[in-house]
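Below is one structure, written out as structure tokens, with a few remarks after it.
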Amino acid sequence: MFNQQNLLIDASQNAPNKFLPPLQRARACGPIEEYKFAQIKPKKQLKEIKLVLLPEKKKFIIRYGMKFNLKDRCVVCGVHKVWQGGDYLRPPIPLSDVVKGRPLRGTYCEKHASLHRQLEMLQQQILADEHGLDFKAFVPKPRIPQMLKRGPLQSLNKEDVFSLSAAGWILKPPQQKEEKPLEEVVRLTMEMKIAADRINTLMEGAKGE
């Protein structure tokens, strides 16, 4: 469908030439980047990104078969890519018509795997719009520990001290020039309480083993 051999690649940046048409630039090999849609409506955007991910066909008078339908080769640009099992960007098995059709033997490179994730997010957005749901409400937000939400810590409350000590941290108060007897008693009592809680935690773990 598209002649990948005629694409001009900027060797210094390992990226497609900026003067290429948007569709050819998106289909060419290069670094991971977000695809900028020319359309506004989600369904038209879906058709647009499907053209980007459509497998490259062979260049015969009668076009039959895929050009890069080989193991560990990107079906779009032909880049060799071996995916590890635990890679979070690992794409699904490519299909002959992107979202349907017969499965192919090839794969997607890192760039087109990220574009496939963008296509999946767009599909979810269209599905949510059809059912009158807010798509953004279903996007998981990163969980920030409550301790970090308070900003730079100037002091620790009782729960913070117990949680850190249970995790194995040893907390020492800052050195002071003068410490009153009552303050020293409070500090030593707190340290004994922390040490006792840590010993109980270790003993329970030893019993479980």
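The values are calculated or read from the model by the stated rules, or taken from the named source; none is laboratory data. Quick caveat: nothing in here was measured; it's all calculated off a predicted structure. Using ideal geometry, Cβ is built from the backbone for each residue, glycine included, and neighbour counts are taken over all protein chains shown.
Can you name every one of the helices (runs of 4 or more DSSP H) wholly within the stretch 68-186 that holds 1 or more residues which are at pLDDT below 80?
On the way: elements: 110-130, 146-149, 158-166.
Helices (runs of 4 or more DSSP H) meeting the threshold: 146-149, 158-166.
So which pairs qualify, if the first residue must be in the stretch 117-136 and in the same structural domain as residue 90 (by TED's automatic domain parsing) and in contact (Cβ under 8 Å) with a residue 60 or more places away in the chain, the second must be part of a helix (DSSP H, G or I) and among the aromatic types (Phe, Trp, Tyr), the Cβ gap must be under 6 Å, and the two must be at least 6 apart or on different chains?
125/135
Results for (1) of a type outside the set (D, E, K, R); (2) over 22 Å from residue 124 (Cα atoms), shown as yes or no for each residue.
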position	(1), (2)
31	yes, yes
39	yes, no
48	no, no
80	yes, yes
85	yes, yes
88	yes, no
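Looking only at the stretch 71-119, filter to residues that are farther than 20 Å from residue 47 by Cβ and hydroxyl-bearing (Ser, Thr, Tyr); which one of those is surrounded by the most Cβ atoms within 10 Å (Cβ to Cβ)?
107
Within the stretch 11-23, identify whether any single residue is at pLDDT below 90, under 22 Å from residue 122 (Cα atoms) and surrounded by fewer than 18 Cβ atoms within 10 Å (Cβ to Cβ), and answer yes or no. Give the derivation first.
Within the stretch 11-23, the subset at pLDDT below 90 is 11-23.
Filter once more, so that each one left must be under 22 Å from residue 122 (Cα atoms): 22-23.
Those left that are additionally surrounded by fewer than 18 Cβ atoms within 10 Å (Cβ to Cβ): 22-23.
Yes, because at least one residue in the stretch 11-23 is at pLDDT below 90, under 22 Å from residue 122 (Cα atoms) and surrounded by fewer than 18 Cβ atoms within 10 Å (Cβ to Cβ).
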